[in-house]
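Before any comments, here is the structure.
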C-alpha cells in the first residue's frame, strides 16, 4: 500500500480550479444574460427590475435570484468581484464603486442584436463562462434563423406614449426590419425617437400601427400621453386588424428578447 502516498500527494499538489468571479448586475439587460448562462452560485444580485413583468419577460425566473437596490452601501456589503453596469448607469455611482476597488464591466444595453451578441461574448469572458456564453449566442442565433420575414413589406408606424415614434437606431426599428416590415417612423424622425402629430399619423396611411401597451391601458388614469391613439380619427382610419402590439418588456433591450419580439410581430402581420 506504499504506492498510495505518492499518488495522494500528487493529487493534493494540484492547484484547485480557479473560482468563478462573484458578480452583481446593475443592468436590466445583463440580468437576462446572467440568468441565461452564468453559474447561479456566482450571481450575488440582479436588479429589482428583473422581477418586474412589465420590464422583463424573464421575471418569473428572476424570482429565483437575489436582487439588490443598487445603493453603494448594498454594493459594499456584497463585496462582488465584478459589477455589471450599462452606459446609462449613474457615473457618480460608478466612480464610487471603483473607489471601493471593485472592477466594472460597462455594457451598452444592446441597442441592436449584433451589438448584443458581442456584449454577451464579452460578459461570458468576464465572468469565467466563455463556452456557456457562446452556446447561449448560438441558441439565440438559431431562434432568429427559424423566423422567416414576411415578403409583402408591410408599412408599420410605431406609436408610443407621449406621441413618440421610433426611427433609425432604436431596438424596435430593427425588430420591424427583421420581421420584413418597413418602419415609417424613419420618415418622421432621423433620430432613434421623435414626436409624431395626429395629422401625420393619419396622413402617412400605414398598413399597421404598432403600440407597446395594450388598448385597455390606454384609457387609464395615466393615459394623457396616449390620447392620440384613442382619438376618434385614429380609430376610424386604423381598424382593430391594423393594430399590432409588442409588449414593452420585449423592447427594453436587444439580445435575449429580440427573437421573442420578432416572433410576436411576425405572428400578427403574417395572419392579416
Revision key, fill the gap. Scanning region 238-260 residue by residue, the ones that are assigned to a helix (DSSP H, G or I) and touching a residue at least 12 places away in the same chain (Cβ under 8 Å) total 8
Review point. Going through region 138-176 one residue at a time, which ones are touching a strand residue (DSSP E or B) at 6+ places or on another chain (Cβ under 7 Å) and closer than 17 Å to residue 114 by Cβ?
Key: 170, 172, 173, 176
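Go through region 1-93 and tell me which strands (runs of 3 or more DSSP E), entirely inside it, have 3 or more residues that are at pLDDT below 95 and under 24 Å from residue 138 (Cβ atoms). Before the answer, list the steps.
Working: elements: 23-25, 43-45, 82-86.
Of the strands (runs of 3 or more DSSP E) lying wholly inside region 1-93, none has at least 3 residues that are at pLDDT below 95 and under 24 Å from residue 138 (Cβ atoms).
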Exercise for review: Identify, by number, the condition in (1) crowded, with 16+ Cβ neighbours inside 10 Å; (2) free of Cβ contacts under 8 Å to residues at least 60 places away in the same chain that residue 30 doesn't meet.
Suggested key: (2)
Check your understanding: Of the residues 56, 68, 86, which is more than 14 Å from the chain's Cα centre (by Cα), closer than 13 Å to residue 27 by Cβ and touching a residue at least 40 places away in the same chain (Cβ under 8 Å)?
Key -> 68
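The values are calculated or read from the model by the stated rules, or taken from the named source; none is laboratory data. Everything numeric in this text was worked out from a predicted model, so none of it was measured. Counting neighbours? That spans all protein chains shown, and the Cβs are built from the backbone with ideal geometry, glycine included.
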